[in-house]
Amino acid sequence: MSDAATATTDELDKYRRELTGYCYRMLGSSFEAEDAVQDTMVRAWKAIESFEGRSSLRSWLYRIATNVCLDALNAGNRRARPMDLTSPTPVAQAQLVKQPEITWLEPIPDGRVLPSVADPAETAVSRETVRLAFVAALQHLPPKQRAVLILREVLAWKASEVAELLDTTVASVNSALQRARATLAEQAPAASDTANPLDEEQKALLERYVAAFEGYDMKALTALLHEDATMSMPPYDLWLQGHDDIVGWMLGVGDVCRGSKLVATVANGSPAFAHYHPTSDGGFSPWALIVLELRDGKVGGMDFFLDTERWFPLFDLPARLEA
């Protein structure tokens, strides 16, 4: 590769993380987002000689990335969480029904989408808008409204800049934004506690959560959960709500989790844990990636992503824990 080509690649790569965050919000899939950004980079690299500099390089890349995402969304698949598709199931009627992988909203490591250095206000917005609940709400928007809302509300682009990117008018952008806001208000995700960085109370909450889970102490665990706390387990469509059903599951089918170990990580701007099951030789094998939702000093939601062959490598998590 020539020095010029290397310089071009390096210049494009400066935008990879923020473009991944944009594509993730658009698509709801960590793997599709990374594919979309790679496609964007390849298209940009091939067309760089035709880039005339009438807009910034960043704006040009966002135009390409938007087109890539809109093409991907033309298939009509909307990613969701189990609670977006069905009502909660009483534990006595609970059945594990697996849905296709394309159905589910996917978790993503913070390091792939959040800025490494930014002012606190910008970081707070970035974290809030990659939360699972927020990205799930975005999936209710038509693709172009989704792009307008993200560009205007999350990335703070001017209406004129968005209009230029989408080859439309400022009036059209403002109208799309108004409709998107109205839809999002109807699908408003529950608020969550700021967790950047964790304060002492939040650290203590997570320490108690780990102790209760690893000790399989249901009384201690439910003391940390809101009364309307939810629990989901993609790729299964089952989700549970409330202390009685969550504990009923944990002490029934979920009793296989007794003796597990948790390893802290972060996902979607939220605290998360790699969940390992005990094995017959005394070690521990991957079972789930747990993403927690903290609200008003307690745990409001627990999402157990069970496809560890996908999630543990993405999060750079050990494939096994020794005894």
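The values are calculated or read from the model by the stated rules, or taken from the named source; none is laboratory data. Values in this document were obtained by computation on a predicted structure and should not be read as measured data. Please note: Cβ atoms are built from the backbone with ideal geometry, for glycine as well, and neighbour counts cover all protein chains shown. In case anyone asks, the SASA skips ligands and DNA or RNA and just uses the protein heavy atoms, side chains included. Shrake-Rupley method; radii C 1.70, N 1.55, O 1.52, S 1.80 Å.
One table, with the values for the structure above:
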{"item": "Residue check for Ala264: among the hydrophobic types (A, V, I, L, M, F, W, C) and out of contact with any Pro (no Cβ under 8 Å at 6 or more places or on another chain)", "result": "no"}
{"item": "Residue count, segment 121-145 (criterion: out of contact with any Gly (no Cβ under 9 Å at 6 or more places or on another chain), open to solvent by less than 10 Å² (accessible area, probe 1.4 Å) and within 17 Å of Ser192 (Cβ to Cβ))", "result": "1"}
{"item": "Within segment 145-200, tally of residues that are without any contact (Cβ under 8 Å) to a residue 40 or more places away in the chain, among the hydrophobic types (A, V, I, L, M, F, W, C) and not in a helix (DSSP H, G or I)", "result": "2"}
{"item": "Members of segment 209-238 that are under 17 Å from Val291 (Cβ atoms) and open to solvent by less than 20 Å² (accessible area, probe 1.4 Å)", "result": "Tyr209, Phe213, Leu221, Leu224, Leu225, Ala229, Met231, Ser232, Met233, Pro234, Leu238"}
{"item": "Segment 58-96, residues that are open to solvent by 20 Å² or more (accessible area, probe 1.4 Å), under 28 Å from Ala163 (Cβ atoms) and either part of a loop (DSSP other than H, G, I, E, B) or among the aromatic types (Phe, Trp, Tyr) (or both)", "result": "Trp60, Asn74, Ala75, Gly76, Asn77, Arg78"}
{"item": "Sole exception among (1) touching a strand residue (DSSP E or B) at 6+ places or on another chain (Cβ under 8 Å); (2) crowded, with 17+ Cβ neighbours inside 10 Å for Met250, by number", "result": "(1)"}
{"item": "Residues of segment 201-236 classified as farther than 21 Å from Phe134 by Cβ and in a loop (DSSP other than H, G, I, E, B), total", "result": "5"}
{"item": "Residue among Val170, Val162, Val148 that is β-branched (Val, Ile, Thr) and either open to solvent by 30 Å² or more (accessible area, probe 1.4 Å) or modelled with pLDDT under 90 (or both)", "result": "Val170"}
{"item": "Residue that is surrounded by the most Cβ atoms within 10 Å (Cβ to Cβ) [pool: residues in segment 16-31 that are charged (D, E, K, R) and in contact (Cβ under 8 Å) with a residue 60 or more places away in the chain]", "result": "Arg25"}
